[in-house]
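Student: First the structure, then my questions, so here it is.
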Amino acid sequence: MSTPTIPEQGEQKTSDAPSPRQPDGRPEQQAPPSGLAVLARSPKVLAVLVAVLVVVVSAAVGGSGVWPQGWTIDIRTPLNDLDGWLVDNREKSPIFLYFLLHISNSAESSVDAIISLFDAMGWIGVTVVGTLVGWAAGGSDLSRRALRTGGTTLGVFIACGVLNMWAPTMETLALMTVAVFAAAVLGLLLGLGAGLSDRFEKILRPVFDTMQVMPAFAYLLPLLLMFGVGVPSALIATVIYAAPPMARLTSLGLRSADPAALEASASLGASHWQRLWTARLPLARKQMMLGLNQAIMMCLSMVVLASLIGSEGLGDEIYQALGSLDVGTALTAGVAVVLIAVLLDRTTAAAGERLDATVTVGATRLMARIRMAVWGLVLALIGVFSAVGSSIGEREWPDVWTVDVTRPLQSAVDWLTETIGSGIPVLGGTVVWAKGFTVYVLNPLRSGLETTPWWALALLVGVIGWIVGTWRAALTGVICLGLIGMMGLWEKSMDTFSQVIGGLVLTMVIGIVLGILTARVERVERMLRPVLDTMQTMPQFVYLIPVIALVGLSRSAGIIAAVIYACPAVIRITAQGLRYVDPAAMEASRSLGATSRQQLLGVQLPLARKSLLVGVNQGVVLVLSMVVIAGLIGGGALGYDVVQGLSKGDLSQGLPAGIAIVCLGIMLDRITQPAGERPRD
Amino acid sequence: MKNKQIRKTVVAGIGILGALSLSACGAAETNSGGGTDDKVVLAEPSWVGAQANAAVVKKLMEDELDVKVEAKQMDEPVAFDALDSGKADAILEDWHGVPKKEKKYVDEKKTVVSGGDLGVVGHIGWFVPKYYADKNPDVTDYKNLNKYAKDFRTSESGDKGHFIGAAPSYSQHDKELIKNFDLDYKHIPSGAEAAQLKEIQRLYEAKKPFLTYWWEPQWMNNKIDMVEVELPKHTPGCEEPAAKAKCGYETNQLEKFLNADFAKSNSDAAKFIKNFKWTTKDQNEVAGDIAGKKMKPEDAAEKWIKANKSTWEKWLPKK
């Protein structure tokens, strides 16, 4: 029964293979010989077809394809022992006393210090200093960029105050400040190492890959056992999650420095260190700024998630509101999160742009002095405000100046979900559609995967991995499957796998269609951009409840959440790929009289194939990272195991499920990643 | 100039790191934050009843005893770890959902002590909506459930009935019960309480039949009518081990737990929390205001406090 999708993959391969000369719409009877010819020419396609055939036949004959019982190993007992040891020794073992507890204590005290600093500065102080920092980041002059950045900052602070989210916003910002600092320092050091030493880079690569596909929930749990609830666990989880992009981009920046500049610096007699300081690091600044920007965004999403383990701030506000189904409040807090994301993104982007401009134009002495003065002023103001701030005004945003938008938001969301949930005439509504999706897509897919024997699936994964990538990718994929089986999670993993495939197909269809539209129609792009920004930064918790109202507590709900999260990246990558197609090729096709449609299908899409593949790969990673969130709203399977492990504090349940998700992730990543390139850099 | 600047930054960075690592040579404090200062930290599980407890206690302690209170959101399993480490001082409503941890910390390590009953009685069971039970009166005995399984079919459960399971952190052995009673149902867990509530709200409004894990006190009971499906009576220890369980749930005196040091300190705050005891009705009133009428917890607590002075006066420690 797994046939509906797997042959599709096979077909894709065959349709990719024919030479471009073959025109569309040839007479039917000519297809077989050309198909056979293709097969004969490329043994790889043949291999895929054989593998598919084996899968189908063995699934039809075998009946049940579960991993054999005898081949599983017991990992619960050692994990339970570890759990017990951690609880008993948290206060005695030297590892804790001399190392881990220091980390946790300093994390806690630094966050506390920043919160009390914000508190002492009062809302006026925070707003003034914040605006000044924004302006300074934008260049501290009267240019448009500086004014715009400063204005954005001011606007965001005021909006958070007016929405009555001041206190949680400050808590989130405090946690963010420490997390971003730690992630940036760690990322920078690792990136320096990876950028300068090939061996270090080789060691770090798989580590980063794992960290990126590992669902954050899976490592919240061991952290919780080591550091207990609250700020330290949240902070460390955030740093683990956010440091990789910083490190990757730093390393990339160092490696891609203009060789001519390096050569020049070497020929001027610069030593190795001098070259690093004067040429390589300054040249890598732009990439490093981009890395910082990414790290900040990832920190933000994680800080919100960390409310599950007792961190405070906007995430907590959202989580709390959900308990009483108060979508209005959750949405308001979500808006504040989006606003902070906008603020941080614009500020770091402006700083990055400015750095870029300085490199090319060169700063005048006067401007440099003014900039120093502004930063000095910022420091001085922080001191002044923290001394007298609370006497100027209240500590928190005055209540009189707040507007309660939670009620109208709530009724708007209710109305919306009601209408498209079941109120559409003729078409039914999302409840009916989701039911159809479950019955006709998810259920067959799941039973198909469950009846396919494990060895046949492993064979298929191996063959696809070998064809798309290298034999190494194939081997990794097969090993991952084997690990899942050995942990005794085969059935649950296949359930999750079927959901991931369902989510991925939806994401790709929506993503590519919208991506094409975005690339070709200017207006669509302008309309979509803020929507995509919001979709990417809105904390996932916020839309869980409306999604249930739309489709009920079911696997479809989880899939919708995943699609919402993964679509923006796919849309962006598709659009970018289409837009950067060689203009000469486009021009040539136009002058040969191709219509717009022919141009799209015949030139743009084929030429953008690489970035479409990158899109698939990103889609896989993002959909998979939502498996756990889906577990919260009826996705069941591995995601639920992780959630239950976390909330029951049961390492032996949560960790294996988390590892199984990582294995699925690495497997899917490897078989969708074309050989010879690393798309995620 | 750039060169110099970068070098300076590096030197400063190394200096700071050095200072930090020097200061890290000693053994760390094992008990950080939380209960060490005068602030009292309450562990507040994620349901609204717990929010109501915390809001009333917080308001009264801050107004009457002048003690600063912080309510931190954490579910039972996490809360017990926090009580053990001193990161939280008290949990006001425990459903005995983590017997292993309770045994470990209360009986073995003695770092957590009981704070007496909350006064609220917790009851867990299997429920169907009233509109369905009215039409099919004998559904209220678990032995007849198989007869009705086809009514409860959904796309998720396939050819079996759909049983809406509890959120992951809640006490439950429904999956085992369904297996042991040979019921033709599929246990489909809710990933979070909020998800379960929303689903039930949706099904109830559409007047669809459903069978669910449900409990009292629960603020939504003011809005929907549910009828319980009888399960075999609970006898002590009958759900252990879960794989062999063949009985319903214990009717629970919800209990308070305190961090041992906090309880021993015998401060006004500790005395107050030990005295705190109210009824299911009281709690439902506050919870209903928070969740049903969407009042802020502080405001709902204030409203209740104004109306029930005689109740809470007894909780204040005698001067």
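Student: Which ³J(HN,Hα) values, rounded to whole Hz and listed in residue order, are derived for the stretch A:221-237 from phi using the Karplus coefficients 6.51, -1.76 and 1.60 in 6.51 cos²θ - 1.76 cosθ + 1.60 with θ = phi - 60°, glycine and proline given as x?
Tutor: 5, x, 4, 4, 5, 7, 10, x, 6, x, 3, x, 4, 4, 5, 5, 4
Student: Quick one: check the C-alpha center-to-center distance for the stretch B:138-205 versus the stretch A:424-491, whole angstrom.
Tutor: Value for the Cα centre distance between the two parts: 27 Å.
Student: Between B:Lys246 and B:Lys208, how many nm apart are label points set 7 Å from Cα along the C-beta direction?
Tutor: Label at B:Lys246, label at B:Lys208, 3.4 nm between them.
Student: With +1 assigned to the C-beta of every Lys and Arg and -1 to the C-beta of every Asp and Glu, and no other charges, what is the dipole magnitude of the protein assembly as shown about the Cα centre in debye, to the nearest 20?
Tutor: Here the size comes out at about 3240 debye.
Student: In addition: Taking Rh as the Kirkwood radius computed over C-alpha pairs, what is the Stokes-Einstein D of the protein assembly as shown at 20 °C in a medium of viscosity 1.002 mPa s, expressed in µm² per second?
Tutor: After rounding, the answer is 70 µm²/s.
Student: Another question, if that's okay. Once the other residues with Cβ under 9 Å from the Cβ of B:Trp126 are scored (Lys, Arg +1; Asp, Glu -1), what is the net sum?
Tutor: Taking every other residue near B:Trp126 into account, the sum is -3.
Student: List every residue whose amide H lies under 5 Å from the amide H of B:Tyr185, counting only residues 5 or more places away in sequence or on a different chain, with H placed 1.01 Å from N in the peptide plane.
Tutor: Residues meeting the amide H criterion: B:Gly161.
Student: Another one. Quick one: Cα centre-to-centre distance for the stretch A:196-275 and the stretch B:278-319, in angstrom?
Tutor: If you average the Cα positions of each part, the centres end up 51 Å apart.
Student: At a threshold of 8 angstrom on Cα-Cα distance, excluding pairs fewer than six apart, so keeping six or more, what relative contact order does the stretch A:56-202 reach in percent?
Tutor: Rounded, it is 14 percent for the stretch A:56-202.
Student: A further question on this structure: Quick one: which residues, 5+ away or cross-chain, put their amide H under 5 Å from the amide H of B:Val229? H built at 1.01 Å from N.
Tutor: Here B:Trp126, B:Phe127, B:Val128 satisfy the definition.
Student: Return the Rg/Rh ratio of the stretch A:71-191 with Cα-based radii and a Kirkwood Rh.
Tutor: With Rh from the inverse mean 1/r over Cα pairs, Rg/Rh is 1.19.
Student: What percent does the relative contact order of the stretch A:541-681 come to when contacts are Cα pairs within less than 8 Å and at least six residues apart?
Tutor: RCO, the stretch A:541-681: 27 percent.
Student: May I ask for the Kirkwood hydrodynamic radius of the stretch B:122-244, worked out over all distinct Cα pairs and given in angstroms to one decimal?
Tutor: Taking the inverse mean of 1/r over all distinct Cα pairs, the stretch B:122-244 comes out at 14.7 Å.
Student: Based on Cβ point charges of +1 for Lys and Arg and -1 for Asp and Glu, what charge dipole magnitude is obtained for the stretch B:122-244 about its Cα centre, in debye rounded to the nearest 20?
Tutor: Using Cβ point charges on Lys, Arg, Asp and Glu, the stretch B:122-244 gives about 340 debye.
Student: Given contacts defined as C-alpha pairs under 8 Å and at least six residues apart, what's the relative contact order of chain A, whole-number percent?
Tutor: The value is 20 percent.
Student: Identify, among B:Ala79, B:Gly122, B:Phe257, the residue whose Cα sits farthest towards the positive end of the charge dipole of chain B, taking +1 on the Cβ of Lys and Arg and -1 on the Cβ of Asp and Glu, with the dipole about the Cα centre.
Tutor: Positive-end residue among those listed: B:Ala79.
Student: Can you tell me what the convex hull of the Cα atoms of the stretch A:536-668 projects to on average, as an area in nm²?
Tutor: Computing the convex hull of the Cα atoms and averaging its projections yields 9.9 nm².
Student: Once Lys and Arg get +1 and Asp and Glu get -1 on their Cβ, which of A:Val509, A:Leu544, A:Ser556 lies farthest toward the positive end of the dipole of the stretch A:481-559?
Tutor: A:Val509
Student: Relative to the Cα centre, what is the charge dipole magnitude of the stretch A:103-404, using +1 at the beta carbon of each Lys and Arg, -1 at the beta carbon of each Asp and Glu, and rounding to the nearest 20 debye?
Tutor: 1500 debye
Student: How much net charge surrounds A:Gly138 when only the other residues with a Cβ under 12 Å from the Cβ of A:Gly138 are counted, with Lys and Arg +1 and Asp and Glu -1?
Tutor: +4
Student: With chain B treated as a Gaussian network of Cα nodes joined by springs under 10 Å, which of B:Thr212, B:Thr154, B:Thr280 yields the largest mean-square fluctuation?
Tutor: Result for chain B, Cα springs under 10 Å: B:Thr154 fluctuates most.
Student: In whole Å, what three semi-axes, largest first, describe the equivalent ellipsoid of chain B built from its Cα gyration tensor (square root of 5 times each eigenvalue)?
Tutor: 42, 27, 21
Student: Roughly what % of DSSP beta bridges within the protein assembly as shown run antiparallel, to the nearest 5?
Tutor: Looking only at bridges with both residues in the protein assembly as shown, the antiparallel portion is about 60 percent.
Student: Please list, ordered by chain and number, the residues whose modelled amide H lies under 5 Å from the amide H of B:Val69; skip anything fewer than 5 residues away on the same chain.
Tutor: The answer is B:Val40.
Student: Kindly state, as a whole number, the per residue volume in cubic angstrom of the convex hull around the alpha carbon atoms of the stretch B:163-319.
Tutor: 162 Å³
Student: Mind ranking A:109-119, B:101-111, B:195-205, A:660-670 by how tightly packed they are, going by the mean number of other C-beta atoms within 10 angstrom, highest first?
Tutor: A:660-670, B:195-205, A:109-119, B:101-111
Student: Binned at 20 Å from 0, what are the whole-percent values of the Cα-Cα distance distribution for the stretch A:103-404, short to long?
Tutor: Distribution as computed: 30, 56, 14, 0 percent.
Student: Output needed: Cys residues of chain A lacking any neighbouring Cys C-beta below 4.7 Å, sorted by number.
Tutor: By the Cβ distance rule, which asks for a partner under 4.7 Å, the isolated cysteines are A:Cys160, A:Cys299, A:Cys567.
Student: Can you give the average number of partner chain beta-carbon atoms within 10 Å of each beta-carbon in peptide A:594-605, as a whole number?
Tutor: Going residue by residue through A:594-605 and averaging, the value is 0.
Student: With a Cα-only, solvent-free Debye model of the stretch B:222-276, what are the log10 I(q)/I(0) values at q = 0.18, 0.24 Å⁻¹?
Tutor: The Cα Debye sum returns log10 ratios of -0.76, -0.90.
Student: Hey, another quick one. So for the stretch A:585-650, what percent of the C-alpha to C-alpha distances run longer than 13 Å?
Tutor: 72 percent
Every read-out reported here was derived from the displayed coordinates using simple, explicitly stated rules and does not represent laboratory data. Computed from a prediction, not measured in an experiment: that's the story for all the values here. Neighbour counts run over all protein chains shown; Cβ positions are idealised from the backbone, glycine included.
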